[in-house]
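S.K.: Structure incoming, see below.
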Amino acid sequence: MKQICKKCLLIGHGRHGFFSGNVYIAFSQIALGVALIAINIDRLSGPELIIHILAALSIVVGVLNLLDSRKPGRICPRCNKAEMIVIETQEGQKFIKENNISLPQ
């Protein structure tokens, strides 16, 4: 999906940030959560319960990050602003018409 930057009008593909949408970070978060649960699997009281809660949160955030990596990035590669919008959406078409932008074929 082609995108357009609302700041510098670059037409192309956006990118993800370091933590959002990064597959390697997502797998690391999931692996950290699984490792923390595996280490403390036989203890479920006191401080170990907090570790299990943090591990579960790490897994959930990792899965959400993994799902976010499937979406197009929103950060413009030219100006590094998080202003990219998909051209095919209503918002993209409205922006193109308002600014009288001609799209390349």
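The values are calculated or read from the model by the stated rules, or taken from the named source; none is laboratory data. In this text the structure is predicted, and so the values were computed from the model without any measurement. Heads up, the Cβs are rebuilt from the backbone with ideal geometry, glycines too, and the neighbour counts pull from every protein chain shown.
S.K.: Take Leu44 and decide whether it is assigned to a helix (DSSP H, G or I) and without any contact (Cβ under 8 Å) to a residue 60 or more places away in the chain. Don't jump to the end; show me each part of the working.
M.R.: Numbers: assigned to a helix (DSSP H, G or I): no; without any contact (Cβ under 8 Å) to a residue 60 or more places away in the chain: yes.
In short, no.
S.K.: Could you list, in sequence order, the residues of the range 36-56 that are surrounded by 10 or more Cβ atoms within 10 Å (Cβ to Cβ) and of a type in the set (S, T, N, Q)?
M.R.: If the condition is that a residue be surrounded by 10 or more Cβ atoms within 10 Å (Cβ to Cβ) and of a type in the set (S, T, N, Q), then Asn40 is the only one that fits.
S.K.: Among (1) under 22 Å from Lys2 (Cα atoms); (2) in contact with a helix residue (DSSP H, G or I) (Cβ under 7 Å, 6 or more places away or on another chain); (3) assigned to a helix (DSSP H, G or I); (4) not aliphatic (A, V, I, L, M), where does Ser20 come up short?
M.R.: (3)
S.K.: Quick check: anything in the range 32-52 closer than 17 Å to Pro72 by Cα and either out of contact with any Gly (no Cβ under 6 Å at 6 or more places or on another chain) or modelled with pLDDT of 80 or more (or both)?
M.R.: Taking the range 32-52 first, the residues closer than 17 Å to Pro72 by Cα are none.
No, the range 32-52 contains no residue that is closer than 17 Å to Pro72 by Cα and either out of contact with any Gly (no Cβ under 6 Å at 6 or more places or on another chain) or modelled with pLDDT of 80 or more (or both).
S.K.: State whether one or more residues within the range 59-81 are over 18 Å from the mean Cα position of the chain (by Cα), in the same structural domain as Gln3 (by TED's automatic domain parsing), of a type outside the set (Gly, Ala, Ser) and crowded, with 16+ Cβ neighbours inside 10 Å. Write out each step before concluding.
M.R.: Keep residues of the range 59-81 that are over 18 Å from the mean Cα position of the chain (by Cα), which gives 78-79.
This time we only want the ones that are in the same structural domain as Gln3 (by TED's automatic domain parsing), so: 78-79.
Checking which are of a type outside the set (Gly, Ala, Ser) leaves us with 78-79.
Restricting the remaining residues to those that are crowded, with 16+ Cβ neighbours inside 10 Å gives none.
Looking through the range 59-81, none of the residues is over 18 Å from the mean Cα position of the chain (by Cα), in the same structural domain as Gln3 (by TED's automatic domain parsing), of a type outside the set (Gly, Ala, Ser) and crowded, with 16+ Cβ neighbours inside 10 Å.
S.K.: Still on this structure: Can you run down the residue pairs with Cβ atoms below 7 Å, 6 or more apart or on separate chains, where the first is in the range 13-37 and touching a residue at least 60 places away in the same chain (Cβ under 8 Å) and the partner is surrounded by 14 or more Cβ atoms within 10 Å (Cβ to Cβ) and among the basic types (Lys, Arg)?
M.R.: Here the result reads Gly14/Arg74, each pair linking the range 13-37 to a residue that is surrounded by 14 or more Cβ atoms within 10 Å (Cβ to Cβ) and among the basic types (Lys, Arg).
S.K.: Before we move on, is Ser102 surrounded by 13 or more Cβ atoms within 10 Å (Cβ to Cβ), of a type in the set (Ser, Thr, Tyr) and either under 15 Å from the mean Cα position of the chain (by Cα) or modelled with pLDDT under 85 (or both)? Lay out the reasoning, then the answer.
M.R.: Details: surrounded by 13 or more Cβ atoms within 10 Å (Cβ to Cβ): no; of a type in the set (Ser, Thr, Tyr): yes; either under 15 Å from the mean Cα position of the chain (by Cα) or modelled with pLDDT under 85 (or both): yes.
No.
S.K.: Going through Ile85, Ile51 one at a time, which residue ends up being part of a helix (DSSP H, G or I) and either farther than 30 Å from Ile4 by Cβ or of a type outside the set (Phe, Trp, Tyr) (or both)? Break it down stepwise before answering.
M.R.: On the way: Ile85 fails: part of a helix (DSSP H, G or I).
The match here is Ile51.
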